[in-house]
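To start, the structure itself, in structure tokens.
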Amino acid sequence: MQLCMFLVIAMGKILCYDNCMMKNILKNKKFWKIICILAIIAYTAKNLFIGADTDEGYGIMAGYRLAMGDRLLLEMWEPHQTSAIFTAVFIRLFVKLTGGVNYLNLFLRLVFFPIQAGVSVFLYKTIHRTVPQMDENVAALMGLLYYVTTPKSIFIPEYSNLHNWFFALMVLCLLRYFGAKDSEGRQTAGELRWLVLAGIFMTCDVLAYPSMVLVFLCCLVFLLVRRSEKKWKELCAYVLPCVASAAVMFTYLLSYMTPQKMLEMAGEILGEGSHQTTVGEKLLGWGSSLGEMAMILLCALLVSLGIRWFIEKVWKKKLPGLLQLPGMLFFVIVFLIQIWFWLFSSFNAIYPQLLLMAVSLTGCYIYLRRDKTEKLFYELILLAFVNYFSVLLLSNWGPMLLVTYLILGAVAGLVCLGDYWQKENTAGKKAIQILCLILVLGNAFSYTWLILGSQEYHAYVIQNVRGINREGLRAGILTDYMTAYRYNNNLAVWPEAVPDGSTVLYVGPSQFYCMLGEHKQASPDTICSMIYDERLLDYWKINPDRYPDVVVFESCYGDIAQEGENSFIWNWLMENFKPAERKDYPYITVFMR
């Protein structure tokens, strides 16, 4: 009911004031450029200094373990461990330069934004070069849209962002090769170096997110079925870097374990409990989430058709201005629904990004039913959906929360839509500018409006930023009062509670606290949703030097969750570890032998 009232009021305003608002919205280009610049500054500053999440801690912790000498597969059982290769480079550099981890989290965010900006600029330049008929401002807005869209509300080089970069770079290199045009917009032969780079980025993408091997196979099929006089050269240019990189990786792993041990470790990693669901459960979850998303988009489509019918058939009038363009009213309604989610729903932070899905699907529809011009970008949309499905395979999140992985599909959809609109209507150029502007400013708002990692799930930045992490890993980052208080309290008691040199098993989602001291990690993996089960015993059997002498439980003034997911670990603690000493602190409880 609240959503319906919100839509009625918002649509009433848009329909009534369209002539004075919509028609002239881009007339003052300098004004909107200033608005975009301010939005980008606000987005960057907020996400650089505000918010801290356990998922972010997991990304840092995995890289830290590798940087400090833990070995892949054998001593690290994190499901995203190969992505830590890239994170570890920056962490190792920081630790070498500073001698510790103070401000490490902030440093990794400082690394993130220039890389994100670089990929965005490359996207803008590639779109501008491969679609020369497109207005340069639209291409620039597409680059900004990529900049303000990340898979999660996490802003460090961890697995989701690494995948987002490498997939984008791979796709853009393919566009540079297959979509090469001369200064007059005529198709020309691409340079093979772009295929070689695409192959290198594809390899990196598989390391960041192993299920991206499906994307590689799709690209391979595309190259095989494509008619080309240089087919085998193209295949070699794309595939050989992947094969060579894979050979280097396997040679490194075989330098300290046998193939049999490698397979055994892979089985242990795939058995990680928090990502284990049956095929039926996964399909049921996907069906429910996709059905919910489809219902929302279908309702938005029906409402847009209903409004158009009522105004044109009953009132005998035309829709105001740019709303006459096919699909524009639908996108406006979807955007209003999205705003409602950001303002009033229980969804956290940026989700569910319905407009990205809507634009991607519309791009497919335009190519299949309206205009066959942009075949390459239609194929890009299909590849983006393969990417989306590949992420779903390994994720314990549902489809509605993973729509952000469709960002490249949305960009390709905008290209198809813009080309179609400009052929259909003289106002098409202005319409695609407005749609891109809506997406950029909308996403900049969504990533800036809410704070991640707060004690409240749907927490506004203005109301909730009341604390600062003072030292250690998260030094300099602002959060809500209780999150900062808990972190600072643990930071203060940790040297007394957990002696340096200990082998520590941390029980709870915030395993990054182990970075507050110099410890050996007793846990097979540091994922924040870790299930404590028999895998622990397998890990200690394979790595006996990792058996803990200190066990740290997350708690609240001595209150420990002994039931549910902690039942196995609690029974092990009492029956096998047999602690000689227990110390209760405000937010951790420490057991020692």
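Summary of values
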{"read-out": "Condition met for V386 (open to solvent by 10 Å² or more (accessible area, probe 1.4 Å), in a helix (DSSP H, G or I) and modelled with pLDDT of 95 or more)", "value": "yes"}
{"read-out": "Residue in the stretch 520-565 that is modelled with the lowest pLDDT, counting only those that are under 23 Å from G63 (Cα atoms) and aromatic (F, W, Y)", "value": "Y532"}
{"read-out": "Residue match in the stretch 219-235 (condition: of a type outside the set (K, R), within 20 Å of S83 (Cβ to Cβ), in a helix (DSSP H, G or I) and open to solvent by 70 Å² or more (accessible area, probe 1.4 Å))", "value": "no"}
{"read-out": "Residue in the stretch 85-95 that is of a type in the set (D, E, K, R) and farther than 30 Å from S255 by Cβ present", "value": "no"}
{"read-out": "Residue list for the stretch 351-369, filter: farther than 15 Å from I432 by Cβ, free of Cβ contacts under 8 Å to residues at least 60 places away in the same chain and open to solvent by 10 Å² or more (accessible area, probe 1.4 Å)", "value": "Y351, C364, Y365, Y367, L368, R369"}
{"read-out": "Hey, K261 more than 24 Å from N161 (Cα to Cα), touching a residue at least 40 places away in the same chain (Cβ under 8 Å), in a helix (DSSP H, G or I) and open to solvent by 80 Å² or more (accessible area, probe 1.4 Å) or not", "value": "no"}
{"read-out": "Lone unmet requirement of (1) open to solvent by 40 Å² or more (accessible area, probe 1.4 Å); (2) at pLDDT below 90; (3) under 32 Å from the mean Cα position of the chain (by Cα) for R470", "value": "(2)"}
{"read-out": "Test: residue in the stretch 257-275 that is within 31 Å of the chain's Cα centre (by Cα), of a type in the set (D, E, K, R) and under 20 Å from L195 (Cα atoms)", "value": "no"}
{"read-out": "Total residues in the stretch 148-180, condition under 14 Å from A412 (Cβ atoms) and either open to solvent by 10 Å² or more (accessible area, probe 1.4 Å) or of a type in the set (D, E, K, R) (or both)", "value": "2"}
{"read-out": "Test result for G291, open to solvent by 30 Å² or more (accessible area, probe 1.4 Å), modelled with pLDDT of 90 or more and not β-branched (V, I, T)", "value": "yes"}
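Let's see how each residue does on (1) touching an Asp or Glu at 6+ places or on another chain (Cβ under 6 Å); (2) more than 21 Å from A427 (Cα to Cα); (3) not in a loop (DSSP other than H, G, I, E, B):
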residue	(1), (2), (3)
F330	no, no, yes
I339	no, yes, yes
L356	no, yes, yes
T362	no, no, yes
L380	no, yes, yes
N396	no, yes, no
M400	no, yes, yes
L406	no, yes, yes
V411	no, no, yes
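The values are calculated or read from the model by the stated rules, or taken from the named source; none is laboratory data. Worth saying up front: this structure is predicted, and the values here are computed from it rather than measured. Using ideal geometry, Cβ is built from the backbone for each residue, glycine included, and neighbour counts are taken over all protein chains shown. The protein model used for the area step is the full one, side chains on, heavy atoms only, and it has no ligands, DNA or RNA in it. Shrake-Rupley method; radii C 1.70, N 1.55, O 1.52, S 1.80 Å.
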